[in-house]
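The values are calculated or read from the model by the stated rules, or taken from the named source; none is laboratory data. Quantities reported herein were computed from a predicted structural model and do not represent experimental measurements. Please note: Cβ atoms are built from the backbone with ideal geometry, for glycine as well, and neighbour counts cover all protein chains shown.
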Amino acid sequence: MKKIRAAVFASGAGSNFQAIMENDLLCEVALLVCDKPGARVLEKAEKFGVPTFVFDSKEYASKSDYEKELVHRLQQADISWIFLAGYMRIAGPTLLNAYENKIINIHPSLLPEFPGKDAIGQAFKAGVSTTGVTVHYIDDGIDTGPVIAQESIEVFSDDTAETLKERIQQVEHRLYPVVINRLMK
Ligand code: GAR
């Protein structure tokens, strides 16, 4: 049976992309979309032999212009699901309407707490005793949309932002592939 074809969107180091690729998925990651030319995730895509589409938003007149191009590329590659993995951009109506209920995101906090950039640093500075990881469907907000799965992580008194990040990312790398497979059934 033909596997569902999915795209991963990432802007950074790509540790979540790597975790997705190293798992036995019920779908095929057939495209990596990256909005940061030179991002480390691109080396990982090459290593795994995943085709990439890299774009620079500054080269387009508007969000709807680059999203039209994105949707075109996604449709060309027969993509039916999108997994955001450190993609630091808010989706607009062009992308959301083309992939309604088919775009999920992973975020390093227990949403709705600490949305946006540097969620781990935000939680650390706030001095919370528990934070976590959320996987959710996206909408047009910053890390908003219906929650699919959450896992809590205790913040230890001797944690630094770095040790906390390590533990949070370990959970991300385990949780995201499991949730993805659950949705592909
Ligand atoms: C991950 O921790 C992910 O949860 C976060 O960016 C990191 C990307 O790391 N995403 C967000 O903050 C989304 N708002 P990676 O490039 O090593 O996977």
Open item on the list: Suppose we keep only residues that are touching a helix residue (DSSP H, G or I) at 6+ places or on another chain (Cβ under 7 Å) and at negative phi within region 76-92. Which one would you say is surrounded by the most Cβ atoms within 10 Å (Cβ to Cβ)?
Closed with: PHE83
Open item on the list: Tell me whether region 26-49 contains one or more residues that are under 20 Å from LEU175 (Cα atoms), more than 16 Å from the ligand (Cβ to nearest atom), hydrophobic (A, V, I, L, M, F, W, C) and assigned to a loop (DSSP other than H, G, I, E, B).
Closed with: yes
Open item on the list: Going by what's in this entry, would ALA119 be described as aliphatic (A, V, I, L, M) and more than 27 Å from LEU26 (Cβ to Cβ)?
Closed with: yes
Task: Matching option when the condition is buried (at least 20 other Cβ atoms within 10 Å of the Cβ) and at pLDDT 95 or above, among LEU42, LEU95 - done: LEU95
TODO: Out of TYR66, TYR60, report the one residue that is of a type in the set (Ser, Thr, Tyr) and crowded, with 16+ Cβ neighbours inside 10 Å.
DONE: TYR66
- [ ] Confirm whether ALA19 is closer than 19 Å to ASP139 by Cα and either within 16 Å of the ligand (Cβ to nearest atom) or among the charged types (D, E, K, R) (or both).
- [x] no
Open item on the list: aliphatic (A, V, I, L, M) and in a loop (DSSP other than H, G, I, E, B): which single residue out of ILE142, ILE120, ILE148 fits that description?
Closed with: ILE142
TODO: Show the residue pairs that are 6+ apart or on different chains and have beta-carbon atoms under 8 Å apart, the first residue being within region 111-128 and in contact (Cβ under 8 Å) with a residue 12 or more places away in the chain and more than 19 Å from GLU151 (Cβ to Cβ), the second being surrounded by 12 or more Cβ atoms within 10 Å (Cβ to Cβ) and of a type in the set (S, T, N, Q).
DONE: GLY116/GLN122
